[in-house]
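Here is the structure we will look at.
The values are calculated or read from the model by the stated rules, or taken from the named source; none is laboratory data. Only a predicted model underlies this, so the values are computations on that prediction, with no experimental measurement involved. Methodologically, a virtual Cβ is constructed for each residue, glycine included, from the backbone with ideal geometry; neighbour enumeration extends over all protein chains shown. Accessible surface areas use protein heavy atoms only, side chains included; no ligands, DNA or RNA. Shrake-Rupley method; radii C 1.70, N 1.55, O 1.52, S 1.80 Å.
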Amino acid sequence: MNLAVRFGALELRNPVTVASGTFGYGREFAELVDLRALGAIITKTITRQPRQGNPQPRLAETAAGMLNAIGLQNEGLENFLREKWPQLREYGAPVIVSISAQDAADFAAMASTLEQAGVQAVELNLSCPNVAYAKLAAGAAVYAQIPEAVAEIVARVRQAVSLTIFAKLSPNVTDIVPIARAAETAGADALSLVNTVIGMAIDIDTWKPKVANVTGGLSGPAIKPIAVRMVHAAAKAVSIPVLGMGGIAATADAVEFLLAGATAISVGTANFVNPAVSMEILAGIEQYCLQRNFSDIRELIGKVRV
Ligand SMILES: Cc1cc2nc3c(=O)[nH]c(=O)nc-3n(C[C@H](O)[C@H](O)[C@H](O)COP(=O)(O)O)c2cc1C
């Protein structure tokens, strides 16, 4: 059974990865998950400078999901390279480093520093709903709502590095297709989608928003149909591979994304419920394929019968 898939120059031995911000830097899960067995580890998004993130409370449980407004809390690029990266690269799974920045030039400079340190792939977080970016046009909450911003950032990074570039897009748009195409045309090797759906929840005793940031990103099973719909639309529109995520909590969810056109999947919020769920999904996908006498995972990818 061949489960290997490829994103640009990055070869994954299977299509099961863990989503940015839900798996720390791997270390937190090392005793619970055979990290080598993962298709890839995607790190928490890092920024050039350390960030403390948004004020508390930053999490709220919702029906079939959760709202988060962490606000890209992280220790910064320098610290990542000194303290996290040496250990991460030892785990034996491909590592995709998620980055965010205030402008295209800094995205490119960060990617270049990471490439020099031996990083093989970056995920450009163009879609975090919980931070304010200086250079966005009025009315836009994330870069990934503006095709021109996506194109500019991806193109600058493409000029600066030859490593594999994932562009992480947002579900908070009317039509994902022009944005997916902008990322592809600018030189992205792959698309990651979706990030969280902007939402809000209110405590009816205090009359305050349940997260201090007022709005947060909705994740978990509640967003899966939205994500499947967007993965399907994007995968049809571009020829680069799509990494699909949003509400994957079991094998059946992962298979749905593969059928919709995702070349691989990321498990996010479900890691908080069951830290070993990615391994269970990997075993489940293999079994699903073996039961149907498939010899290659490609017999599944994009095969939805519309
Ligand atoms: C607590 C939390 C923190 C997250 N942090 C990040 C982040 O730093 N960078 C990023 O690109 N996505 C981040 N995400 C979004 C996830 O990577 C994923 O795109 C989203 O949650 C949808 O998948 P899920 O429903 O399986 O969680 C975060 C999600 C959660 C729940």
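Points worth noting:
- Number of the exception - GLN102 against (1) within 16 Å of the ligand (Cβ to nearest atom); (2) open to solvent by less than 20 Å² (accessible area, probe 1.4 Å): (2)
- Residues of the range 144-181 that turn out to be open to solvent by less than 10 Å² (accessible area, probe 1.4 Å), hydroxyl-bearing (Ser, Thr, Tyr) and under 24 Å from SER219 (Cα atoms), as a count: 1
- Taking residues in the range 69-94 that are farther than 15 Å from PRO50 by Cβ, and partners anywhere that are assigned to a loop (DSSP other than H, G, I, E, B) and of a type in the set (Gly, Ala, Ser), the pairs with Cβ atoms closer than 6 Å and at least 6 places apart or on different chains are LEU88/GLY26; TYR91/GLY26.
- Restricting the range 25-39 to residues that are open to solvent by 50 Å² or more (accessible area, probe 1.4 Å) and assigned to a helix (DSSP H, G or I) leaves a set whose member that is farthest from PRO129 (Cα to Cα) is ARG36.
- Of the candidates ILE297, ILE248, the single residue that is open to solvent by less than 20 Å² (accessible area, probe 1.4 Å), touching a residue at least 12 places away in the same chain (Cβ under 8 Å) and within 11 Å of the ligand (Cβ to nearest atom) is ILE248.
- Residue check, VAL197 within 16 Å of PRO129 (Cβ to Cβ) and within 16 Å of the ligand (Cβ to nearest atom): yes
- Taken over the range 251-262, the criterion of being within 16 Å of the ligand (Cβ to nearest atom) and open to solvent by less than 40 Å² (accessible area, probe 1.4 Å) is satisfied by THR251, ASP253, ALA254, VAL255, PHE257, LEU258, ALA260, ALA262.
- On the stretch given as the range 235-245, residues that are more than 14 Å from the ligand (Cβ to nearest atom) and either under 18 Å from ARG6 (Cα atoms) or modelled with pLDDT under 95 (or both) total 6.
- Identity of the residue in the range 275-292, within 12 Å of the ligand (Cβ to nearest atom) and more than 14 Å from SER20 (Cα to Cα), that ends up surrounded by the most Cβ atoms within 10 Å (Cβ to Cβ): ILE281
- All positions within the range 117-135 that are within 16 Å of the ligand (Cβ to nearest atom), in contact with a Pro (Cβ under 9 Å, 6 or more places away or on another chain) and under 24 Å from GLU11 (Cβ atoms): ALA121
- Within the span defined as the range 16-24, one or more residues are farther than 19 Å from GLU280 by Cβ and crowded, with 22+ Cβ neighbours inside 10 Å.
- Apart from one condition, GLY8 fits all of (1) closer than 26 Å to GLU184 by Cβ; (2) surrounded by 23 or more Cβ atoms within 10 Å (Cβ to Cβ); the exception is (2).
- Some residue of the range 209-224 being more than 12 Å from the ligand (Cβ to nearest atom), of a type in the set (A, V, I, L, M) and farther than 30 Å from PHE7 by Cβ: yes
- From the options THR206, THR185, residue that is of a type in the set (Val, Ile, Thr), farther than 19 Å from ALA104 by Cβ and more than 18 Å from the chain's Cα centre (by Cα): THR206
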